[in-house]
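Student: First the structure, then my questions, so here it is.
The values are calculated or read from the model by the stated rules, or taken from the named source; none is laboratory data. Everything numeric in this text was worked out from a predicted model, so none of it was measured. Cβ placement follows ideal geometry from the backbone for every residue including glycine, while neighbour counts extend to all protein chains displayed. Ligands, DNA and RNA are stripped out before the accessible areas are found, and what is left, the full protein with its side chains, is counted by its heavy atoms. Shrake-Rupley method; radii C 1.70, N 1.55, O 1.52, S 1.80 Å.
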Amino acid sequence: MKFILTCLALCLAVTASAEEKDTSRIPGSPVQIIPAPERTEIDEGTFRLPESGAAFYIKGENSGQLVPYLESLGNGFVPAGRQKDADIVIETGDKAVKGLVFKGKEDEAYRLEITPEQIRIKALTEAGAFYGLQTLLQMTREGKVRELQCCTVTDSPRFGYRGLHFDVSRNFRSKEFLMKQMEAMALLKLNRMHLHLTDGAGWRIEIEKYPRLTGFAAWRPYAKWTDWSADPVYCEQSDPAAAGGFYTKDDIREILAYAERLHIEVIPEIEMPGHSEEVMAAYPELSCSGEPYRNSDFCPGKEATFTFLENVLTEVMELFPSQYVHIGGDEASKSGWKTCPDCLRRMQEEGLENVDELQSYLIHRIEEFVNSKGKKIIGWDEILQGGLAPNATVMSWRGTEGGIKALKSGHDVIMTPGTYCYLDYTQDAPFKEPEAIGGYLPLSKTYSYEPMEEGMSEEDAEHLLGVQGNLWSEYIHEDSHAEYMYYPRAFAIAEIGWSPAGTKDYEGFRERALELCGLLQEKGYSTFDLRTEYGDRKESQSALEHLAKGCKVTYNIRYTDQYPAGGDGALTDGICGGWTYGDKKWQGFFSDADVTVDLGSVKPIHYVGATFMNVTGAWVHIPQKMEVYISEDGEDFRLLGTAYQDISDKQNFIFFKQYSVICNEKARYVRVYAQRATRPGACLFIDELVVN
């Protein structure tokens, strides 16, 4: 008897009722793996791997990396002298896949066949065979399960680009850490490692022409980014207090050799023109002012800037075989450019109208250079400002709008929207989680992301390369903390990138994630404990009833268009916010907040309150004070009471503070004024104004 499971049915099988054939309970079943395969056929019977070790036989073209890979696993895999003596037969090349139909990308596709007599993996390429092995390794829990369900798995990826981002600038990670994460990535069929090698917090790659980058800009007198950010200076490598590090060229070669064996492409990022404080400190002549610790951006008016960038990129491209170089392009302040004589001269010579076009000039020029070396550039979606370089690939992080705009104009795009793919956000209730930059991104939210949005055409889809999960490490000092933030949310990124669209079942995925977390923990990884997940803020999960619910709100100071929540009715809609201001339930103010609620008629009032959020890393602060005024006619207001900030503004953790005034009054109009914190750039977030 044969059971055919599509990806959807495969997911549903995990949560099937006890009366049905629950293949997820069979040791070595393919329904347990992540990412879920495209198509699985379950057969009767099992195959048992020998306790003494499994013999493998490899035949076909371009499969030279598989033998050392299998022998390195330590799971008892040994080569067989003849095909008929092998437990596992791996075939690659045109002959192996003749007659097989793959619906996805054939260069990474495979077929895994398990019969009572033998295991066979067939693929066009070594990469496909490698991914077939990853499915097998998950089924065997990397050698711990010896009995396997007979089945046929026909599988190929939805997207060619399936990535994870590693910020090694803010807090340096060793090459051993990166290689360890590659092993987990390979098991998940993730194939791109994006290395954020440079940023204001430290330069992390050896460049022979510019030794000050690693002798000075790679070191700071503070081990933690959070300490350094309060005093952002650098020090010599020889300083006894020096903390940081960098990769030598030999380190990079070792990392790349390991990545090649695991079929992972490593993409280097050299940040420009912003986030470059460390370069400006080491080589201040490349800044607009010519002074260290004054500018954070390269000066695009100086030819020396392009000489430096081209020299650096040349050494980087000579090391990295990847087709892409990431050039950053995000969050450039451009403040110095507006008055810099060199920049103004450049703008006049090139006919540029503003500093956005000046940034575009820099990106265009760098792209031409990179293209001349046979490579392509990737940039964050800010590279759209001022005009997109002709061949650039856009990595869309500020939502998906920039990515969609780039797709529509015929550019390749990698989707990594912060709302779904920023793994530095807390993955559970902030009160129980390690320090994080802010935001709330549970596994369920990441898993819910669908890259192909409504309105995208088939032509657009051709330019959608794939997805990536990003982990910025400002608040993530330890390696174990970084792993904790990656897993299991990286599992969701993997399944979004690999498995077919329209097949999601979160409860089934969660069961598989629990199994895979256990496997990674056995292998020495730190993972979030999904079993003890608290979930979203309880107040956000049911409607709140109070006197002001549904009442008209007049904004004496308007909320920011970036965080409108539900618009003019958001503060009295009965909906409280969750753990993050990005959930579209919190209304944001980049100023003080001043609103008046009309209760419709004069009513008894005993309580007026509001809840505010504090996320220091995102400049979100509770207010200095909240004043409440009341009026019967809407003209003459009197002060009812004031609630003051009573928590130190030095607190860096995420918390929520309720400000309230208790009274025994009557009024129709209630005015609430909240004075924002004194920190420059501080903003306010309010979820609901409650009147009772």
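Student: Which entries in K375/K405; K105/K375; K103/K445; K445/K538; K445/K585 show an alpha-carbon gap greater than 19 Å? Spell out each step's value before the answer.
Tutor: Details: K375/K405 23 Å; K105/K375 22 Å; K103/K445 28 Å; K445/K538 17 Å; K445/K585 15 Å.
Long pairs (Cα-Cα over 19 Å): K375/K405; K105/K375; K103/K445.
Student: Take every Cα pair under 8 Å in the chain that's 6+ residues apart, average their separations, divide by the length, and report that relative contact order as a whole percent.
Tutor: Normalised by residue count, the contact order of the chain is 10 percent.
Student: Please give, to one decimal in nm, the separation of the simple spin-label points placed at K408 and R82, each 7 Å out from Cα toward the Cβ.
Tutor: Going by the 7 Å Cα→Cβ label model, 6.5 nm.
Student: Still on this model: What are the ³J(HN,Hα) values, in whole Hz, obtained from phi via the Karplus relation 6.51 cos²θ - 1.76 cosθ + 1.60 with θ = phi - 60°, for each residue of the stretch 274-279 in sequence order, with x given for Gly and Pro?
Tutor: x, 6, 10, 4, 5, 5
Student: Follow-up. Can you tell me the order of 554-560, 293-299 when each peptide is scored by its average per-residue count of other Cβ atoms within 10 angstrom, highest first? Can you show the working numbers first?
Tutor: Details: 554-560: 14.7, 293-299: 22.0.
Listed from highest to lowest mean packing, they are 293-299, 554-560.
Student: Once you list every other residue whose beta carbon is under 14 Å from the beta carbon of Q587, what net charge do they have if Lys and Arg are +1 and Asp and Glu are -1?
Tutor: -4
Student: How are the C-alpha pair distances of the chain spread across 20 Å bins, as whole percents from the shortest bin up?
Tutor: Taking every Cα pair in the chain, the percentages come to 16, 44, 31, 8, 0.
Student: On a C-alpha basis, how far is the centre of the stretch 517-540 from the centre of the stretch 188-227 in Å? Whole number, if you could?
Tutor: The distance from the Cα centre of the stretch 517-540 to that of the stretch 188-227 comes to 30 Å.
Student: Next question. With just the Cα atoms defining each centre, how far is the stretch 621-649 from the stretch 650-692? Give it in Å.
Tutor: 8 Å
Student: Along the charge dipole of the stretch 196-286, which of V233, H263, V279 sits closest to the positive end, that is, farthest toward it, with unit charges on the beta carbon of Lys, Arg, Asp and Glu (+1, +1, -1, -1)?
Tutor: Ranked along the dipole, the leading option is H263.
Student: 5 Å is the cut-off here: which amide hydrogens, built 1.01 Å from N in the peptide plane, fall below it relative to G60, excluding neighbours closer than 5 in sequence?
Tutor: Excluding prolines and chain starts, which carry no amide H, the hits are T92.
Student: While we're on this one: Put a dot 7 Å past each Cα toward the Cβ at Q651 and K105; how far apart are the dots in nm?
Tutor: In this crude spin-label approximation the distance works out to 4.6 nm.
Student: Here's another thing I want to ask about it. Could you compute the FRET efficiency for A257 and Q521, with r as their C-beta to C-beta distance and R0 at 25 Å, rounded to 0.05?
Tutor: About 0.35, to the nearest 0.05.
Student: Rounded to the nearest 20 Debye, what is the dipole magnitude of the stretch 444-485 about its Cα centre when Lys and Arg each give +1 and Asp and Glu each give -1 at the C-beta? Intermediate values should be presented prior to the final figure.
Tutor: Values: 1 positive and 11 negative charges, 50 e Å.
The calculation lands at about 240 debye.
Student: Within the stretch 659-692, which residues have the backbone N less than 15 Å from the label spot 7 Å out from D598 along Cα→beta-carbon, could you tell me?
Tutor: Once the point is set 7 Å along Cα→Cβ of D598, 668-671 turn out to lie under 15 Å by backbone N, inside the stretch 659-692.
Student: Percent of Cα-Cα pairs per 5 Å bin, from 0 to the last occupied bin, for the stretch 496-539, please list those.
Tutor: With 5 Å bins starting at 0, P(r) equals 5, 17, 20, 21, 18, 14, 4, 1.
Student: With a 1.4 Å probe and all protein chains left in place, how much of the accessible area of the chain comes from carbon and sulfur atoms, in whole percent?
Tutor: It is 48 percent, rounded to a whole number.
Student: Rounding to the nearest 20 debye, state how big the charge dipole of the chain is about its Cα centre with +1 on each Lys and Arg Cβ and -1 on each Asp and Glu Cβ. Numbers along the way, then the final one.
Tutor: On the way: 72 positive and 106 negative charges, 173 e Å.
Around 840 debye, computed over the chain.
Student: While we're on this one: Shape verdict for the stretch 422-533, please, from the Cα gyration tensor: rounded (a/c under 1.5), prolate (a/b greater than b/c) or oblate.
Tutor: Numbers: a/c = 2.05, a/b = 1.56, b/c = 1.31.
It comes out prolate by the Cα gyration axes.
Student: For the stretch 46-179, with every protein chain kept in place, what is the accessible area per residue (1.4 Å probe, Å²)?
Tutor: Dividing the accessible area of the stretch 46-179 by its residue count gives 38 Å².
Student: If Rh is defined by the Kirkwood formula over all Cα pairs and Rg also comes from Cα, what ratio Rg/Rh do you get for the stretch 205-273?
Tutor: Numbers: Rg = 14.5 Å, Rh = 13.8 Å.
Radius of gyration over Kirkwood radius for the stretch 205-273 works out to 1.05.
Student: Shifting gears a bit: If Lys and Arg each add +1 and Asp and Glu each add -1, what is the summed charge of the other residues whose beta carbon sits under 11 Å from the beta carbon of K209?
Tutor: Values: positive: R212; negative: E206, E208, E310, E315.
Counting the neighbours of K209, the net charge comes to -3.
Student: Which value, in debye to the nearest 20, describes the size of the charge dipole of the stretch 220-271 about its Cα centre when Lys and Arg Cβ atoms bear +1, Asp and Glu Cβ atoms bear -1, and nothing else is charged?
Tutor: Values: 5 positive and 11 negative charges, 23 e Å.
Its charge dipole is roughly 100 debye.
Student: In whole Hz, with x marking every Gly and Pro, tabulate ³J(HN,Hα) for the stretch 581-586 from phi via Karplus 6.51 cos²θ - 1.76 cosθ + 1.60, θ = phi - 60°.
Tutor: Rounded to whole hertz, the list is 6, x, 8, 6, 10, 9.
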